[in-house]
1. In a Gaussian network model over the chain where Cα atoms closer than 10 Å are linked, find which of R62, R185, R102 has the largest mean-square fluctuation.
2. So if I place +1 on the C-beta of Lys and Arg and -1 on the C-beta of Asp and Glu, and nothing else carries charge, what would the dipole magnitude of the range 1-160 be about its Cα centre? I want it in debye, nearest 20.
3. Among F150, A248, M193, pick out the residue whose Cα is farthest towards the positive end of the charge dipole of the chain, where Lys and Arg carry +1 and Asp and Glu carry -1 on C-beta, about the Cα centre.
4. Grab the DSSP H runs of the chain that are 4 residues or longer, score each as -39,500 (n - 2.57), total them, divide by all residues and round the 222 nm result to the nearest 500 deg cm²/dmol.
5. Where does each of 94-101, 239-246 land if you order them by average Cβ count within 10 Å, highest first?
6. For the chain, what is the relative contact order in percent, using Cα pairs closer than 8 Å and at least 6 residues apart in sequence?
7. When ranked by the protection proxy of mean other Cβ atoms within 10 Å per residue, highest first, what sequence do the peptides 7-14, 32-39, 73-80 form?
8. Between Q164 and I19, what is the label-point separation in nm under the 7 Å Cα-to-beta-carbon projection?
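The numbers here are math on the coordinates, done by the rules we state, and not lab data. From a predicted model like this one, the values you see are computed outputs, not experimental measurements. No Cβ is skipped: glycine too gets one built from the backbone with ideal geometry, and neighbour counts run over all protein chains shown.
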Amino acid sequence: MRTERLLTGLGKAIAVAAILFWSLFPILFIAMSSLKPGQDIFAVPPKWLFTPTFKHYAELWRSWGVFFEGLLNSLLITVGATLLAIVASACAGYVYSRNSGRWLGASLLGLIIVRLIPPIVVTLPLFPIVNWLGLSDTHLVLILLYATFFVSLGTVLMRTFMDQIPRELDEAAAMDGASRMTILRKVIAPLAMPGVLAVAVFVIVFSWNEFLFAFIFTATKAKTAPLVISEMIGSIDGVDWGILFAAATVQLVPVLLFVVFMNRYLVAGLTAGSTKG
């Protein structure tokens, strides 16, 4: 029996190690390659011991200033989309949590179905509309698209978290003269903060790394970091892999650290509704 438990534990450990290797190796490879001399990046056999150099980061700053402009655009768009998605999801989630009805339930199912639609399906029909509204190549169009893309998932998450908050708190606040919006803002939202943070994690990770919408709806003014990295790959001067890996590392590190620190809220979002519908 003891041997069986040991073998089971060993099997789980090997499985976890394999998953970690599969997930972390590409990140480590990119980060290490950004610090290697150019001739050592694709050396065969690979060089694991080398003298780190920050030459590629200096070249990135000197030759690709547009990349850092793209990072700033990514930051502005991500913050805007996250705030908009949180506000819309919290308001909608509160409505779904505190009200019931056949049509309301059907509309919630519709939100889930809409979330399953691949983004590429809606990009081409939206293109002439965006041009007609004069929103092409603006931060606003990406903020609206990213927030809209996650409002459905955010609404479901917020509804699940708000369902766990006793309705007696709403009634007590209403008896004190608080309006619906005041109840949501001062009573429900603070108690549903784990749900708010879970929605924020999903939107931030998506907005920071998204490429398709940015590629189709922006050109120069609102160009994001992933677009600039794609331009590095297609540069007419050839691909400088050291600079490319340096850019990828700079673009990756902020969101990676954010996900690590907010991991428990990401897990909470993924498991929301597993015990209560």
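1. Highest fluctuation among the options: R102.
2. It comes to approximately 620 debye.
3. It is M193, whose Cα lies furthest towards the positive end.
4. -24500 deg cm²/dmol
5. 239-246, 94-101
6. Result for the chain is 31 percent.
7. 73-80, 32-39, 7-14
8. Simple spin-label model gives 2.1 nm for this pair.
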